[in-house]
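Working notes, beginning with the structure itself.
The values are calculated or read from the model by the stated rules, or taken from the named source; none is laboratory data. Quick caveat: nothing in here was measured; it's all calculated off a predicted structure. Please note: Cβ atoms are built from the backbone with ideal geometry, for glycine as well, and neighbour counts cover all protein chains shown. Areas reflect the complete protein model, heavy atoms only, side chains present, ligands, DNA and RNA absent. Shrake-Rupley method; radii C 1.70, N 1.55, O 1.52, S 1.80 Å.
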Amino acid sequence: MPEIVNFHDTSFQKITEGLLSVNRLIMRQARHPNQEEAMQKTIMTALALFLLAGSPAMAEDEFISTLQDQQGISLTIYNQDLALVKDRRTITLPEGRHALAFKEVSGRIRPETALLSGRELSVLEQNFEFDLLTPETLLAKYVGREVTVIRTHPTTGDESSEKAKVLSAGNGVVLQIGDHIESGIPGRLVFAHVPENLRDRPTLTMLADSKSARPQQVELSYLTSGLGWQADYVAELSPDDTGLDINGWVTLTNESGASYNNADLQLVAGDVHQAPPEQTDRRRYLEKAMVQSAEMDGGMVEEQMFEYHLYSLERPTTIKDNQTKQVALLQATGVPCKKDLLLQGNDFYYSSQAGDIERNLKVGVFLEAVNSKKNNLGLPLPRGVMRVYKKDSRDRLQFIGEDRIDHTPENETIRLKLGDSFDVTGSKKQTEFKKIAGFSRYNYVYESSYEIELKNGRKEEAVVKIVEPIPGDWEMLAESLPHEKATSNTAVWQMAVPGLGKKTLSYTVRVKF
């Protein structure tokens, strides 16, 4: 007896093998030529019917889900080119195992993270189809196959067609037309059909087992790259340099290859650890032009989640593919701040003769503000760039500097370096140096003296903080102004320089290594 074939649980190959085994058995039992011919026709008819309707692997329709089925979408975007997408759709599948194509997912999905969940649905297999339909990929799939070339007569406009075989589609197109070879495309190319493995949109295909034929809601969740965000802050400094008005924005960037319509948006501030890949994905995507829009209505609500901070937009928003979007994060007025002028030294000249260390030293300009509710802030601030402006005498805003802030919790200090002072400059020289001990290999002791001169080209007095890192075990022997030992290796002086004047700090220090 031939093998009994279960057509519901087998592949086309087994169906064919079963039919052919039946055919061979009948041929062995047939005794008359006409009977044999009739039986062969019967077998071939049955095989054709199975080809048209019987094989699940070859003839079963693919059930497609598009954005029209979408009931909602949620995005949680992290700082490190990472986002969690939750795509909720209503689908209808017959009972049993069927091919399901989940279209219009992110083109940069991490397919190993995809999870389709539904009460009456389970997934047996899934594949990410990222080979998208383009003229180049379509032509590449036809290498070794025939296409139709349509030519247009340059004078009459009449069209003619002829068959051509695609020999190559790599660095240019090579066609065999009749008995000759042509390079390039001599006219329009017509293709018989689109290959099955080319998709018009990024698609996740699945072999799904449905336990119900009723419409059911499912959720596809996955991680993807191509979605990112950063905080940007715009601050206006008051005329007397003692207050800031701060506007915070969240800048969203979408290069994932998909659009997200009316999405529930959440942002995570913090450094979430990701396992490093065993093999680095070296695919790179072409940079594309960005469309920028600003969203002013509504804002972000902040909450603590695990060791991070979560910011939720109170309304849905649409993030289109290849778009940057700005969403309001915070507004704070009258934030108290103070301006610091800082001269930062080095530690390399305490163990050798230096002479003139440096002339025309730059004095840095810094702003400091405390992120507290008392100061009209108090919201944990995500990492980003703060740009500071100030009005000139004509009441026009001018850009005066920017700096990057790290994630700043409540009650921590925001410190911005805005540039270097134009009017306040300095110079430094070593006036004395001698080695007290350490003529062998150990226990070096040095004594050295220094002068730091500051000049103020402004009419107003300028207070400059001088910070000197001093190595080893050190002792201040003499100084023209008292210092503060801020840390074990740092001496700090506060020196007031009169308007249109200058002032000199001198000190002698003993250093033991």
Name the strands (runs of 3 or more DSSP E) wholly within the stretch 188-231 that hold at least 2 residues that are touching a Lys or Arg at 6+ places or on another chain (Cβ under 7 Å), touching a residue at least 40 places away in the same chain (Cβ under 8 Å) and open to solvent by 20 Å² or more (accessible area, probe 1.4 Å)? 203-210, 216-224
Go through the stretch 256-277 and give me each residue that's open to solvent by less than 20 Å² (accessible area, probe 1.4 Å), modelled with pLDDT of 90 or more and not in a strand (DSSP E or B). SER256, ALA258
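Take the residues of the stretch 126-147 that are in a strand (DSSP E or B) and open to solvent by 30 Å² or more (accessible area, probe 1.4 Å): which is nearest to VAL190 (Cα to Cα)?
Result: GLU146.
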Residues being modelled with pLDDT of 85 or more and assigned to a loop (DSSP other than H, G, I, E, B) - total across the stretch 158-186: 5
Just for the stretch 84-125: of the residues that are part of a strand (DSSP E or B) and crowded, with 21+ Cβ neighbours inside 10 Å, which one is farthest from the chain's Cα centre (by Cα)? LEU100
When GLU412 is evaluated against the numbered criteria (1) among the charged types (D, E, K, R); (2) closer than 20 Å to ALA269 by Cβ; (3) free of Cβ contacts under 8 Å to residues at least 40 places away in the same chain, which criterion, by number, is the only one it fails? (3)
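Yes or no, residue by residue, for (1) open to solvent by 40 Å² or more (accessible area, probe 1.4 Å); (2) within 22 Å of ASN247 (Cβ to Cβ):
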residue: VAL335; (1), (2): no, yes
residue: LEU343; (1), (2): no, no
residue: ASN346; (1), (2): yes, no
residue: GLY355; (1), (2): no, no
residue: GLU358; (1), (2): yes, no
residue: VAL370; (1), (2): yes, yes
residue: LEU377; (1), (2): no, yes
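Here are SER351, SER393: which of them is over 38 Å from the mean Cα position of the chain (by Cα), open to solvent by 40 Å² or more (accessible area, probe 1.4 Å) and free of Cβ contacts under 8 Å to residues at least 12 places away in the same chain?
SER393
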I'd like the full set of residues that are of a type in the set (Val, Ile, Thr), open to solvent by 90 Å² or more (accessible area, probe 1.4 Å) and within 19 Å of THR137 (Cα to Cα), limited to the stretch 151-187. ILE185
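Tell me, which residue of the stretch 489-504 that is closer than 14 Å to GLN344 by Cα and open to solvent by less than 70 Å² (accessible area, probe 1.4 Å) is farthest from the chain's Cα centre (by Cα)?
MET495
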Checked LEU132, LEU52 against criteria (in contact with a helix residue (DSSP H, G or I) (Cβ under 8 Å, 6 or more places away or on another chain) and at pLDDT below 90); the one match is LEU52
Residues of the stretch 237-255 being farther than 30 Å from LYS86 by Cβ, buried (at least 16 other Cβ atoms within 10 Å of the Cβ) and of a type in the set (D, E, K, R), which ones? ASP245
Select from the stretch 55-89 the residues that are polar (S, T, N, Q) and farther than 27 Å from HIS407 by Cα and write down the one among them that is modelled with the lowest pLDDT. SER55
